[in-house]
1. Please count how many residues of region 101-123 are in contact with a Pro (Cβ under 9 Å, 6 or more places away or on another chain) and open to solvent by less than 10 Å² (accessible area, probe 1.4 Å).
2. If Ser35 satisfies all but one of (1) in a loop (DSSP other than H, G, I, E, B); (2) in contact with a Cys (Cβ under 8 Å, 6 or more places away or on another chain); (3) among the small types (Gly, Ala, Ser); (4) modelled with pLDDT of 80 or more, what's the number of the condition it fails?
3. Of everything in region 77-101, what is touching a residue at least 12 places away in the same chain (Cβ under 8 Å) and closer than 27 Å to His54 by Cβ? Give them in sequence order.
4. Tally time: how many residues in region 78-93 are open to solvent by 50 Å² or more (accessible area, probe 1.4 Å) and either outside any helix (DSSP H, G or I) or within 11 Å of Asp6 (Cβ to Cβ) (or both)?
5. In region 95-127, what count of residues is obtained for those that are in a strand (DSSP E or B) and within 11 Å of the chain's Cα centre (by Cα)?
6. Could you please let me know if Leu130 is surrounded by 13 or more Cβ atoms within 10 Å (Cβ to Cβ) and either part of a loop (DSSP other than H, G, I, E, B) or of a type in the set (Asp, Glu) (or both)?
7. Exactly one condition in (1) of a type outside the set (Gly, Ala, Ser); (2) modelled with pLDDT under 90; (3) farther than 18 Å from Leu22 by Cα; (4) buried (at least 16 other Cβ atoms within 10 Å of the Cβ) is false for Phe52; which is it?
8. Report, by residue number, each residue of region 59-77 that is assigned to a loop (DSSP other than H, G, I, E, B) and within 17 Å of the chain's Cα centre (by Cα).
Amino acid sequence: MVINCDLREDVPTSCIEFISWLCDVNADSEFQPESDCFNNFHHIEKEMAENFDHPFLASRPDNEIISLLQRRYRFSMPANTGRRDVYHYCLQFSAHDLAANYFFECHLVFIHWIAPIIEDGFIGYYKERLAVNPTLMYVKDGKLVTINP
């Protein structure tokens, strides 16, 4: 699985802190940050998000998992709109050979969860072990769209 996406500029700080915790290899599962990021989930999705109880996005190079969340410069607004630099948080994640149940219980649920706070466009892909082609992932109007070519 590969994800490379920009979070929207208006993402609440609590969501950024939560995603950062999920990516932190030194994060302590006992001290999960408080977050209101799941308020837009339906009941079943909230139950599935309970799997977000440990930093499952953290880099583990020996297991072929690499992740990075960082604030990056994207562009400058023109003078007639206030002349300011625009920064976005960028999430990059790559994992090879994730266990299917772990992927579907954590990673795919996570992607559905962050879709409303991601800039629209292509965000990555995943490939099931026996599939010939990867499943492409896009975000459109805050929802995950997948395409199996």
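1. Number of matching residues: 0.
2. Answer for Ser35: the failing condition is (4).
3. His88, Tyr89, Cys90, Leu91, Gln92, Phe93, Ser94, Ala95, His96, Asp97, Leu98, Ala100
4. 8
5. Total meeting the criteria: 3.
6. So Leu130 fails the test.
7. Going through (1) of a type outside the set (Gly, Ala, Ser); (2) modelled with pLDDT under 90; (3) farther than 18 Å from Leu22 by Cα; (4) buried (at least 16 other Cβ atoms within 10 Å of the Cβ) one by one, Phe52 breaks only (3).
8. Ser59
The values are calculated or read from the model by the stated rules, or taken from the named source; none is laboratory data. Predicted, not measured: the structure shown is a model, and the values here were computed from it. Methodologically, a virtual Cβ is constructed for each residue, glycine included, from the backbone with ideal geometry; neighbour enumeration extends over all protein chains shown. Ligands, DNA and RNA are excluded from the accessible area calculation, which covers all protein heavy atoms including side chains. Shrake-Rupley method; radii C 1.70, N 1.55, O 1.52, S 1.80 Å.
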